[in-house]
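Quick notes on the structure that follows.
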Ligand SMILES: [Zn+2]
């Protein structure tokens, strides 16, 4: 199984979980050339195939220009790879349950063990701190680098009024964290509703977060998600 095939399936897995819709993208650092990354041309995630995967340098210039449209927000990927040498995969999404936490003062909190990484802290990127009010897109190296700076060493950052960036030391981890960040946000809202004004929510404590995060490699979920995505892709091709 090639890195390209895994990346194509990652697009489909994220779409199947409602983490990306017609927008959003996922990249991997090239295993042959760590100063490059692989990302699809500008298109809807569910339609991505192996021929759509392009290679970019860390300044987000395409290596062999096929004349295809490129994602305007590819700088998110290049600038995160520059600032985080250990990161091997980056997801940018507009995950619907996560967005409310970027526009309110309510922080995301660690609620269940599979989403314990939330307890490492999820900062919020306010684009108006780095440019005049505009269209919210990360369209320049400056904005990409600013987002990477706000992300710092954390597993994810929210982008106010826009979405999130999620990273991992490998593709399964970045994809798994994206899926569980969406679930965690949804569950936190449900717990809040259930608890009502007077009830309280018991979140994971620091020791629980510390003990849970290292084992969350999503290595059980990934092969299952991958097989399902592969089967769907084959069925589509007929
Ligand atoms: Zn976006």
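Remarks
- Computed over every Cα-Cα pair of segment 117-238 and binned at 10 Å starting from 0, the pair-distance distribution P(r) comes out as 11, 31, 31, 22, 5, 0 percent.
- Working from Cα pairs under 8 Å separated by at least six residues, relative contact order for the chain is 22 percent.
- Most mobile listed residue (45, 214, 172) in the chain, GNM with C-alpha springs under 10 Å: 214
- Percent of beta bridges antiparallel (DSSP, the chain, rounded to nearest 5): 90 percent
- Estimated FRET transfer efficiency when R0 is 41 angstrom, pair residue 105-residue 44 (beta carbons, to 0.05): 0.80
- Residues 63, 122, 138, arranged from fewest to most other Cβ atoms within 10 angstrom of their Cβ, appear as 63, 122, 138.
- Taking 33, 5, 79 and counting other C-beta atoms within 10 Å, the order from fewest to most: 33, 5, 79
- Ellipticity estimate at 222 nm from DSSP helix runs (n ≥ 4, -39,500 (n - 2.57)) divided over the chain, nearest 500: -11500 deg cm²/dmol
- Length-normalised contact order for segment 90-169 - Cα pairs under 8 Å, 6+ apart - percent: 47 percent
- Directionally averaged projected area (convex hull, Cα atoms, segment 1-71), nm²: 4.6 nm²
- Residue 197/residue 94 FRET efficiency (R0 22 Å; Cβ-Cβ; nearest 0.05): 0.15
- Three principal axis lengths of the chain [C-alpha, angstrom, descending]: 58, 46, 29
- The simple spin-label model puts a point 7 Å past each Cα toward its Cβ; for residue 227 and residue 36 those points are separated by 3.4 nm.
- Annotation: the residues 197, 227, sorted from fewest to most other C-beta atoms within 10 Å of their own C-beta, follow the order 197, 227.
Laboratory data are not the source of any read-out in this text; all were calculated from the coordinates shown. Since we're looking at a predicted model, the values are computed, not measured. For neighbour counting, all protein chains shown are included, and Cβ atoms are generated from backbone atoms with ideal geometry for every residue, glycine included.
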